[in-house]
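The values are calculated or read from the model by the stated rules, or taken from the named source; none is laboratory data. All values derive from a computational prediction rather than experimental measurement. Methodologically, a virtual Cβ is constructed for each residue, glycine included, from the backbone with ideal geometry; neighbour enumeration extends over all protein chains shown.
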Ligand SMILES: NC(=O)C1=CN([C@@H]2O[C@H](COP(=O)(O)OP(=O)(O)OC[C@H]3O[C@@H](n4cnc5c(N)ncnc54)[C@H](OP(=O)(O)O)[C@@H]3O)[C@@H](O)[C@H]2O)[C@H](O)CC1
Ligand SMILES: [K+]
């Protein structure tokens, strides 16, 4: 797994490195050399343009320019001011050194001059703005970014594409779209989510010092990005010695007269993820339509009110069914009412592994007055509990205003508020977004995010069904619950990719994802188990 650090923690690692004898000047040299090395590895890069800003990100660029010049490349550095006029001591010194080494400098070019220069470039190094960037991009960098994005040069961004917040992943109006980002010391959350996913290109981490790994871990990384090999312990069992019950039984409680589909999709996804036996319990007036869609899955009708929503009387039947299940999912299509809140509350009080999604989460928000971290006893239990909120649901659960969870960084903070208040190892918050985080009290795990095709109605219901299915199949196993949840997200993401290949990237519907869950999990498992085998290539 690769550690992900908040920007403030990256700065602390920088300070810790200087305490261990690696000066900032040395770090800047190593950063510039790391960027130059990546350029050299692209091959045939004779003409290099370095767009340098005024701070240390620019300093990295001047070091890279000198290193590439030493390798025989034609290097032109574009700077807003003369090298001698750079305000920071370090950037000024490395700039002067690069000039002495023969790098050409173009100061304050017009748009046309810059376009002409970039037209001759094989590669452009983006060193305008790094982690010190804030607000909207000011001149001249807004214009430089436009020229760079319009050019045909390969673009390598140093530390972070200029214009992207490395913390939030939100891009300013002007933001470099890179082919590659060479980031210093550790991954940062903003590179992995939201606009960051579209503008970073391939990400390479340059550790800069042998002490870095240790110092990064000392800073308690805000998250860990998984590699496929990390999932080995999370793989679902594949043995011939099974019958339909030993393969795990899942109870899905969801649906309403108005929204029968969500629960149907969750039940199907649970079956496709490998549970041997799935049951759907749904309000009586949704049961007939559900049964018509679910040939292999029994549907149990439950007491409902005049709106076709569960009443509190449903609790007894639901709890009896839950007792016989290896895992329960509650929420998809449920709606929020006194009755549905009573059912969610009863399930939380049981000793059965539980996944709470969608309206189940909205019931939970209502049961806790929109302040779940203040009522940890409601979710404290001995059996596993996985809650799967998207950003809006997560904001509601922790009492933030609408839009109050707007980045991966916010997702991680809000999820931590919940798991730390709970304090137990049974709870995982799967915070869904353009990057999804699986957060337990132990750690936060980031699975590889899926394609935009997954952002479609019902996709979350499918994930929830898959999650309950995986937990049912691993109920006896001692596996890190955040890792198991991340594995399920990874299979869901890959299913989205397969569905997009089959249907077209904008045409995927949730049922297309369900259709390929089985082949997606086979493929992910093969990659995990045999990373170097034919399936892993
Ligand atoms: N982490 C490490 O170990 C190392 C990182 N290095 C590199 O250093 C940068 C961070 O350097 P820093 O000097 O803190 O900041 P930047 O270079 O990113 O940016 C500061 C300059 O940018 C100006 N700025 C800020 N916002 C804007 C904007 N919206 N529009 C235009 N200009 C902006 C800022 O001007 P102010 O007037 O706001 O002060 C500064 O001039 C990190 O990313 C790495 O690349 C080191 O090499 C050492 C190792
Ligand atoms: K940059």
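Per-structure values
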item: Members of the stretch 2-32 found to be touching a helix residue (DSSP H, G or I) at 6+ places or on another chain (Cβ under 7 Å) and either without any contact (Cβ under 8 Å) to a residue 12 or more places away in the chain or within 16 Å of ligand 2 (Cβ to nearest atom) (or both), listed by number; result: 18, 27, 28, 31, 32
item: Strands (runs of 3 or more DSSP E) completely within the stretch 229-320 that count 2 or more residues being surrounded by 15 or more Cβ atoms within 10 Å (Cβ to Cβ) and within 32 Å of the chain's Cα centre (by Cα); result: 249-253, 277-283
item: Cross-chain or 6+ apart pairs with Cβ under 7 Å, the stretch 44-58 first and more than 14 Å from residue 109 (Cβ to Cβ) and in the same structural domain as residue 102 (by TED's automatic domain parsing), then assigned to a strand (DSSP E or B) and near ligand 1 (Cβ under 6 Å from one of its atoms); result: 57/158
item: Qualifying residue in the stretch 108-124 (condition: surrounded by 15 or more Cβ atoms within 10 Å (Cβ to Cβ), within 15 Å of ligand 1 (Cβ to nearest atom) and over 36 Å from the mean Cα position of the chain (by Cα)); result: no
item: Exclusive hit being under 26 Å from residue 230 (Cα atoms) and part of a loop (DSSP other than H, G, I, E, B), set 532, 525; result: 532
item: Flag if residue 178 is outside the structural domain of residue 435 (by TED's automatic domain parsing), within 20 Å of residue 56 (Cβ to Cβ), assigned to a loop (DSSP other than H, G, I, E, B) and more than 12 Å from ligand 1 (Cβ to nearest atom); result: yes
item: Subset of the stretch 73-92 [under 18 Å from residue 28 (Cα atoms) and surrounded by 17 or more Cβ atoms within 10 Å (Cβ to Cβ)]; result: 77, 79, 83, 86, 90, 91, 92
item: Selection status of residue 182, surrounded by 15 or more Cβ atoms within 10 Å (Cβ to Cβ), in contact with a helix residue (DSSP H, G or I) (Cβ under 6 Å, 6 or more places away or on another chain) and free of Cβ contacts under 8 Å to residues at least 40 places away in the same chain; result: no
item: Residue identified as part of a helix (DSSP H, G or I), modelled with pLDDT of 95 or more and either away from ligand 2 (no atom under 11 Å from the Cβ) or farther than 17 Å from residue 52 by Cα (or both) among 203, 143; result: 143
item: Failed condition for residue 170, given (1) surrounded by fewer than 21 Cβ atoms within 10 Å (Cβ to Cβ); (2) within 14 Å of ligand 2 (Cβ to nearest atom); result: (2)
item: Any chance residue 55 is under 18 Å from residue 162 (Cα atoms), out of contact with any strand residue (DSSP E or B) (no Cβ under 8 Å at 6 or more places or on another chain) and either modelled with pLDDT of 95 or more or surrounded by fewer than 24 Cβ atoms within 10 Å (Cβ to Cβ) (or both); result: yes
item: Residue in the stretch 100-112 that is in a loop (DSSP other than H, G, I, E, B), touching a residue at least 12 places away in the same chain (Cβ under 8 Å) and within 29 Å of residue 167 (Cβ to Cβ) present; result: no
item: Some residue of the stretch 75-83 being near ligand 1 (Cβ under 10 Å from one of its atoms), assigned by TED's automatic domain parsing to the domain that holds residue 116 and not in a loop (DSSP other than H, G, I, E, B); result: no
item: Residues located in the stretch 138-157, provided they are within 10 Å of ligand 1 (Cβ to nearest atom) and either under 26 Å from the mean Cα position of the chain (by Cα) or at positive phi (or both); result: 157
